[in-house]
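Let me begin by presenting the structure, written as structure tokens, before commenting on it.
The values are calculated or read from the model by the stated rules, or taken from the named source; none is laboratory data. Keep in mind that what you see is a predicted model, and the values were worked out from it rather than measured. Heads up, the Cβs are rebuilt from the backbone with ideal geometry, glycines too, and the neighbour counts pull from every protein chain shown.
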Amino acid sequence: MNFEISKEPINIQGVIDKVVDRDAGAINTFIGTVRETTKGKKTLYLIYEAYESMAVKKLEQIGREIQERWKGAKVAITHRVGRLEISDVAVVIAVSTPHRAASYEASRYAIERIKEMVPIWKKEHWEDGAEWIGDQLEQVPYPSGKPEVKDLDE
Amino acid sequence: MNFEISKEPINIQGVIDKVVDRDAGAINTFIGTVRETTKGKKTLYLIYEAYESMAVKKLEQIGREIQERWKGAKVAITHRVGRLEISDVAVVIAVSTPHRAASYEASRYAIERIKEMVPIWKKEHWEDGAEWIGDQLEQVPYPSGKPEVKDLDE
Amino acid sequence: MNKVLFFAHLRDAVGEDFIKMDAAGKTVAQLKELLKEQYDLPRFDTVMTAINEEFCSDDDVIQEGDEIAFIPPVSGG
Amino acid sequence: MNKVLFFAHLRDAVGEDFIKMDAAGKTVAQLKELLKEQYDLPRFDTVMTAINEEFCSDDDVIQEGDEIAFIPPVSGG
């Protein structure tokens, strides 16, 4: 189970352990954490929800895309759902590759793809209200009706 | 003690914990592991040694360079010394930043700087011999007598 | 019958995680029009659609038993 | 007196982690020449030098009490 949605706090070392490989020289790990301040506004806590069965499939798809693009890569991703406090871990991505450059590139690819097309949503709670984040703060139009692979250098 | 040389196995979570920050949205972790096969040759184990007092100073310098270049970054680096087996962890770099792009860039910067100028050496042991790695396999000339910041995009 | 799932602000607008309805034979675009008449669905035009957990296009035709999900712009990570 | 440290293949060549000698007043380049006469030091020209744990240049003059270290191309990470 390298791709998971978790209702419990994520064990980071557990995600890393899934990609350990005798022919890996590098493991890149990306950990998304709950930031207190966004655009000057103080977040109290977040609620993440997922279309869980589809989210797991889409994480698996990201894993396959990475293995096609970066030879020898191993990938594991766990995304948390439920209520998260400041500094809590929302997502852990671990990618092992033979050489280091690919581990950075593939890890970055994974987080960008998650933000593009994995059905997970967050609701930010502030002192004066709450809102589902998505098209409001991070405008993501889908002119084709489907998410496309974007240029990650943008 | 965010910058350490360790004779014991590195506790990855322990390094990550040092950079947790309420205003961090991202923590990038780079883990260098001992790869079994390099250029078709099978490694049995590695010995790492360091000029320890200077290595710690140089890791601290990398931390300062990162904080100057990426606002709000927190950095922790631990490098192992001694005998390492295949898949053992040689180095752990953790960088937290408010936004994710900077965490990738700063982490990559840290590993490139380590490979350029932190006084740590590895001796590779194969079935048919052993050799200190450095100018032999990974030609690094220092025309000025000092390491310079290279273009990381090379 | 078809199960139609709503998430995030759409779920708040509909007041249900899902509804059951007969949408077989309709295109996704037709289903969207129908739902817009029944519910006040903010920003419904920026929403993606999945049939049986795969993204689909507005022209795709819904089959008997398909599970339809409306996917607002995602914000995981 | 000065402490002169050797690492990696240089330590193997010298057979010692360090030696003590009086190098005060010499430039780093002069010390390197002196050591090359005493030891067989492979690839000594690609080696960096540190004085008191800071990289220095071949023109720098060694002071009494300075700790000199020869730093072969590094291979950490």
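Among the residues making up region C:19-47, those that are free of Cβ contacts under 8 Å to residues at least 24 places away in the same chain and aliphatic (A, V, I, L, M) are C:Ile19, C:Met21, C:Leu34. Among the residues of region C:60-77, which ones are more than 12 Å from the chain's Cα centre (by Cα) and at the interface with chain A (Cβ under 9 Å from one of its Cβ atoms)? Scanning region C:60-77 gives C:Pro73, C:Val74, C:Ser75, C:Gly76, C:Gly77. The strands (runs of 3 or more DSSP E) falling completely within region D:17-77 that include 3 or more residues that are touching an Asp or Glu at 6+ places or on another chain (Cβ under 9 Å) map to D:48-51. For region A:17-32, the set of residues classified as surrounded by fewer than 22 Cβ atoms within 10 Å (Cβ to Cβ) and either more than 7 Å from chain B (Cβ to nearest Cβ) or of a type in the set (Val, Ile, Thr) (or both) consists of A:Asp17, A:Lys18, A:Val20, A:Asp21, listed by residue number.
Test C:Glu54 against the stated conditions and say whether it is surrounded by fewer than 20 Cβ atoms within 10 Å (Cβ to Cβ) and closer than 19 Å to A:Ile114 by Cα. Yes: the conditions hold for C:Glu54.
State the number of residues belonging to region B:20-59 that are in contact with a Ser or Thr (Cβ under 8 Å, 6 or more places away or on another chain) and in contact (Cβ under 8 Å) with a residue 60 or more places away in the chain.
Initially, region B:20-59 is screened for residues in contact with a Ser or Thr (Cβ under 8 Å, 6 or more places away or on another chain), giving B:20-31, B:33-37, B:43.
Subset that is in contact (Cβ under 8 Å) with a residue 60 or more places away in the chain: B:20-21, B:23-31, B:43.
Summing the residues that are in contact with a Ser or Thr (Cβ under 8 Å, 6 or more places away or on another chain) and in contact (Cβ under 8 Å) with a residue 60 or more places away in the chain in region B:20-59 gives 12.
What do you reckon, is A:Val81 under 24 Å from A:Pro119 (Cβ atoms), at pLDDT 95 or above and either touching a helix residue (DSSP H, G or I) at 6+ places or on another chain (Cβ under 6 Å) or within 12 Å of chain B (Cβ to nearest Cβ) (or both)? When the stated conditions are applied, A:Val81 does not pass them.
May I ask you to list the residues in region C:1-16 that are in contact (Cβ under 8 Å) with a residue 24 or more places away in the chain and part of a helix (DSSP H, G or I)?
The first filter runs over region C:1-16 and keeps only residues in contact (Cβ under 8 Å) with a residue 24 or more places away in the chain, leaving C:1-10, C:13-14.
If the condition is that a residue be in contact (Cβ under 8 Å) with a residue 24 or more places away in the chain and part of a helix (DSSP H, G or I), then C:Ala8, C:His9, C:Leu10, C:Ala13, C:Val14 are the ones that fit.
Determine if region B:45-59 includes at least one residue that is within 13 Å of chain A (Cβ to nearest Cβ) and surrounded by fewer than 22 Cβ atoms within 10 Å (Cβ to Cβ). Yes, the conditions are met somewhere in region B:45-59.
Of everything in region C:1-51 that is surrounded by 13 or more Cβ atoms within 10 Å (Cβ to Cβ) and at positive phi, the residue that is modelled with the lowest pLDDT is C:Arg43.
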